[in-house]
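Trainee: Here's a structure for you.
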Amino acid sequence: DKSDKYDSRDVERLQQDDKWVENYLIWRHDVVDDTLKMIDESFQWRKEYTVNDLTESVLPKWLFENGSLFLHGYDKEGYKLFWFRVKHHIRDPKQQLEKKKLVAFWLEHYAKRDHGKPLTVVFDMAETGISHIDLDFVRFIVNCFTDYYPNFLTKIVIFEMPWIMNAAFKIVKGWLGPDAISMLKFTNKSDVQEYISGEYLPPHMGGTDSFKYSYPPLVDDDFQTPLCENGPITSEDEHESKEEIDTDTKETAELNEEQNLNQKKMNSIEQISKSEETDKTEFKPKNAKKALTTFKGPLLHISPAEELYFGSKETGEKKCLIVLTNVTKNVVAFKVRTTAPEKYRVKPSNSSCEPGTSLDIIVSLHGGFAASLQDRFLIMAAEMDQSSGAGVPELTQFWKEVPRTKVMEHRLRCHVVESSKPSSLTLKENALNIPAKTNEDLHIQLTRLLQINKRLQEQIDRCLWFQQLSVVLSLLSVTVVAFCFYLVYTQRS
């Protein structure tokens, strides 16, 4: 009814983003009137707090240095953890608005980056007391999830709540409503790992995570310290890499022989071997088949779109391929980061891609390490001027100067495949050009299995029927024989 009631960017997004609308409907159980009321309230709140314009630069630096709020790690269901370290929060009405804006900053920062994927909130209440109780601030955090960010909360894990705060949390429960109350998980050191594994819990919570929040720079959530580039390979690593490549080449040749592949595939593998001998520093399969799924970004198309498939320790698949395709008319610089730099080697990890060309990135596990579902990769990309060089010094300077708003980011997670034939792309499958199974193939196989199962069930039912009939006939036969003996016996008597 009023053009200035909401931020026009929110109205535009609502008209274009079906997923956002769907989340509002889900959170309000598909009741349209309740959904409209929530949209109205959240849009007014977003304008009041200037949510779309909240950046690191408009908030006081001390808020980030305080370390009371940050994103780090994942729960056992794979949801991001939003930490509230209560002991670092002191109630102060003068600072309340800025602290609330910090909450909105983190939530909006994450929601835009991960397209609204739900969060798990952790209230770490260890070493807290009366001075840390701030019901107004807690209510604001609760309202963010119940009224402003739809379908954005999975659970609230409360760690070691002091008994003195029991009365306060009875009030909080009244704000939550029945749906959110079911998401409350009160824990202590003995049971918190039911929800969060030890690798993402600090030592005081019984975990092994050595992460310590620090500022600057602004923490890049999953890609927090240790945050390092996969830089030049040392001579020792290079030797190890050559041995791995030679081994892979031999295995490929043996498998190729066993499969009796045609001459064309043999030639492609020989070309790969030749290219490896001439340039051992860059292993790049020429006949690599692109992944089935592709993320289509404004600068780069990235395959696979979501997951890198590694084998378990038993299957031994330790290499994966990422294919980048430059869809712009300029050179695009890119770099790859990982949450576990001690486990992975990425080649190349910091380079550039010419306009209209594709480039292969090899992701390999160091010896002795196994991929984990919690491991993540971040691909960052930005357009470069034609006059800029593409050497290491130029790229280093470029990443120092490029604004964050011009950087495209895309995340990939790891998937560990137990079978020896993962459905996604691995380097050996790429080299042999063995087609991966599509969802359609799996659907056909599943349909066949269901049909076979149905036939087996029918055969079992017939067998059971014949078995029951046989039992009945046998009993009748026994009865008739017994009756005959009885008649013969009575006649003789």
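The values are calculated or read from the model by the stated rules, or taken from the named source; none is laboratory data. A quick note: this is a predicted structure, and the numbers were derived from the prediction, not measured. Ideal geometry is used to build each Cβ from the backbone, glycine not excepted, and the neighbour counts take in all protein chains shown. Heads up: the accessible areas ignore ligands, DNA and RNA and are worked out on the full protein's heavy atoms, side chains in. Shrake-Rupley method; radii C 1.70, N 1.55, O 1.52, S 1.80 Å.
Trainee: Looking at GLU48, GLU65, can you tell me which residue is among the acidic types (Asp, Glu) and in the same structural domain as LYS101 (by the TED database)?
Mentor: On inspection, the qualifying residue turns out to be GLU65.
Trainee: Let me ask you something else. From LYS313, LYS329, LYS289, LYS335, which residue is at pLDDT 85 or above, among the basic types (Lys, Arg) and part of a loop (DSSP other than H, G, I, E, B)?
Mentor: Residue meeting the stated conditions: LYS329.
Trainee: A further question on this structure: From PHE64, PHE43, which residue is at pLDDT 85 or above and open to solvent by less than 20 Å² (accessible area, probe 1.4 Å)?
Mentor: After ruling out the rest, the residue left standing is PHE43.
Trainee: Restricted to the range 8-35, and to residues that are open to solvent by less than 80 Å² (accessible area, probe 1.4 Å), in a loop (DSSP other than H, G, I, E, B) and modelled with pLDDT under 90, which residue is farthest from ASN143 (Cα to Cα)?
Mentor: Across the range 8-35, the extreme among qualifying residues is ASP17.
Trainee: Name the pairs: first residue in the range 332-350 and closer than 22 Å to PRO393 by Cβ, second residue among the aromatic types (Phe, Trp, Tyr) and open to solvent by less than 10 Å² (accessible area, probe 1.4 Å), Cβ to Cβ under 6 Å, at least 6 apart or on different chains?
Mentor: What qualifies is ARG337/PHE223.
Trainee: Mind checking which residues of the range 50-83 are in contact with a strand residue (DSSP E or B) (Cβ under 7 Å, 6 or more places away or on another chain) and under 30 Å from PRO403 (Cβ atoms)?
Mentor: Correct list: GLY67, SER68, LEU69, PHE70, LEU71, HIS72, GLY73, TYR74, LYS80, LEU81, PHE82, TRP83.
Trainee: Pull out all pairs, ordered by first then second residue, where Cβ-Cβ is under 6 Å, the residues are six or more apart or on different chains, the first lies in the range 136-152 and is touching a residue at least 60 places away in the same chain (Cβ under 8 Å), and the second is open to solvent by less than 40 Å² (accessible area, probe 1.4 Å) and part of a loop (DSSP other than H, G, I, E, B).
Mentor: Note: pairs meeting the criteria are PHE152/PRO118.
Trainee: Taking PHE186 as the residue in question, decide whether it is closer than 26 Å to ASP34 by Cα, modelled with pLDDT under 90 and either surrounded by 17 or more Cβ atoms within 10 Å (Cβ to Cβ) or aromatic (Phe, Trp, Tyr) (or both).
Mentor: So PHE186 does not fit the description; no.
Trainee: Could you pull out the residue among LEU378, LEU395 that is in a helix (DSSP H, G or I), modelled with pLDDT of 80 or more, within 17 Å of LEU324 (Cβ to Cβ) and not charged (D, E, K, R)?
Mentor: LEU395
Trainee: I'm told LYS87 meets every condition in (1) open to solvent by less than 70 Å² (accessible area, probe 1.4 Å); (2) farther than 30 Å from GLN15 by Cα; (3) under 29 Å from the mean Cα position of the chain (by Cα) except one. Can you identify the failing condition by its number?
Mentor: (3)
Trainee: Does LEU107 qualify as being assigned to a strand (DSSP E or B), surrounded by 15 or more Cβ atoms within 10 Å (Cβ to Cβ) and of a type in the set (A, V, I, L, M)?
Mentor: no
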